[in-house]
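Here the structure comes first, spelled out in structure tokens, and everything after it is commentary.
The values are calculated or read from the model by the stated rules, or taken from the named source; none is laboratory data. Everything numeric in this text was worked out from a predicted model, so none of it was measured. We place every Cβ from the backbone using ideal geometry, glycine too, and count neighbours over all the protein chains shown. For accessibility, only protein heavy atoms count, side chains too; no ligands or nucleic acids. Shrake-Rupley method; radii C 1.70, N 1.55, O 1.52, S 1.80 Å.
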Amino acid sequence: MGRVIRSQRKGAGSIFTARTHRRKGAAKLRAIDYSERNGYVRGLVKEIIHDPGRGAPLAKIQFRDPYRFKTNTELFIATEGMYTGQFVFCGKTAQLVVGNTLPVGQMPEGTIISNIEERPGDRGSLARASGNSATIIGHNVDEGVTRIKLPSGNKKVLKSACRATIGIVAGGGRIDKPLLKAGRAFFKHRAKRNSWPRTRGVAMNPVDHVHGGGNHQHIGKASTVSRSAVPGQKVGLIAARRTGLLRGTKKLKD
């Protein structure tokens, strides 16, 4: 019997869990309430901060509590062009301005959006990485749904009540500059999790990995593996629908 391989060990957590000690908190939209459903609420950008392990900067935004005499501070993902002292508006009747948050059904076609809710009220789950954005393609008013184009190029249908922030996520162009040296990669991953350096399977011994061993560094069998494979075998291209180069242009139905 071979050794427990790396992908099996990752499932247990232990040394592979995320380093979250200095993180600033979960970046979410406001919890949906009456004022957002029917009008708008105004927030003030107090600070733009770095969150360790995240490429995009975060914005600390203060809102007045609609029911009690106090202010609530929310952590939003900063959009490009956001600045301290800026007023941002969240709600159905908010204006179409970069940094504001509206239901996607209230935005015209072609609007560039980010931090989009997948389901109404989930407080943002799509297009959240630095420099990312999605585009509104069209609305179906009868069914109450909106089609968007995601950063991957895929099209997705959402309920028109799902909210999104107007503009692209700040911190774009981060991967344009090469890391150049191992030290920068080390500190980059130190803030994230134990995922670097990563030894290739073909460079291992047969006891350590399915792809290990042999007189040359080669896999020696098909790199595709079935969805139902046992955990110690499940490495490579898992349940691949197709392999090889993508040839020709991709035709997407609008």
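Can you sort LEU29, LEU96 by solvent-accessible area, 1.4 Å probe, largest first?
LEU96, LEU29
If the only charges are +1 at each Lys and Arg Cβ and -1 at each Asp and Glu Cβ, what is the size of the charge dipole of the chain around the Cα centre, to the nearest 20 debye?
In total the dipole reaches around 1120 debye.
Within the P(r) computed for the chain, what percentage of the Cα pairs occupies the region above 30 Å?
Every Cα pair in the chain considered, those over 30 Å come to 46 percent.
Would you kindly derive the ³J(HN,Hα) couplings of the range 149-155 from the backbone phi angles with the Karplus curve 6.51 cos²θ - 1.76 cosθ + 1.60 (θ = phi - 60°), listing them in order in whole Hz, with x for Gly and Pro?
With coefficients 6.51, -1.76 and 1.60, one gets 9, 7, x, 6, x, 6, 9 Hz.
Can you order the peptides 17-28, 81-92 by their average number of other Cβ atoms within 10 Å per residue, highest first?
Going from most to least packed, we get 81-92, 17-28.
Determine the share of the range 61-187's accessible area contributed by carbon and sulfur atoms, expressed in whole percent, with a 1.4 angstrom probe.
After summing per-atom areas, the C and S share lands at 52 percent.
Using mean Cβ contacts within 10 Å as the protection proxy, how do 60-73, 32-45, 153-166 order, highest first?
153-166, 32-45, 60-73
Could you pull out every residue, at least 5 positions away or on a different chain, whose amide H is within less than 5 Å of the one on SER130? Hs are placed 1.01 Å off N in the peptide plane, and Pro or chain starts have none.
Answer set, sorted by chain and number: GLY55, ALA56.
Quick one: which of LYS46/LYS156; LYS24/LYS156; LYS46/LYS70 span more than 25 angstrom between C-alpha atoms?
Beyond 25 Å: LYS46/LYS156; LYS24/LYS156.
With a Förster radius of 41 Å, plug the Cβ-Cβ distance of LEU150 and ILE15 into 1/(1 + (r/R0)^6) and report the FRET value to the nearest 0.05.
Between LEU150 and ILE15 the formula returns 0.80.
Name the trypsin sites (Lys or Arg not before Pro) in the range 168-241 that are in a loop by DSSP and that have at most 16 other C-beta atoms within 10 Å, would you?
Sites meeting the loop and neighbour criteria: LYS181, LYS192, ARG193, ARG198, ARG200, LYS221, ARG227, ARG241.
Between TYR34 and ARG198, what is the label-to-label distance in nm when each label sits 7 Å out along the Cα-to-Cβ direction?
Each label point is offset 7 Å from its Cα along the Cβ direction, giving 5.0 nm.
How many Å² of accessible area per residue for the range 1-141, probe 1.4 Å?
That works out to 57 Å² for each residue.
Taking R0 as 51 Å, what's the FRET efficiency between VAL141 and THR224 from their Cβ-Cβ distance, rounded to 0.05?
0.70
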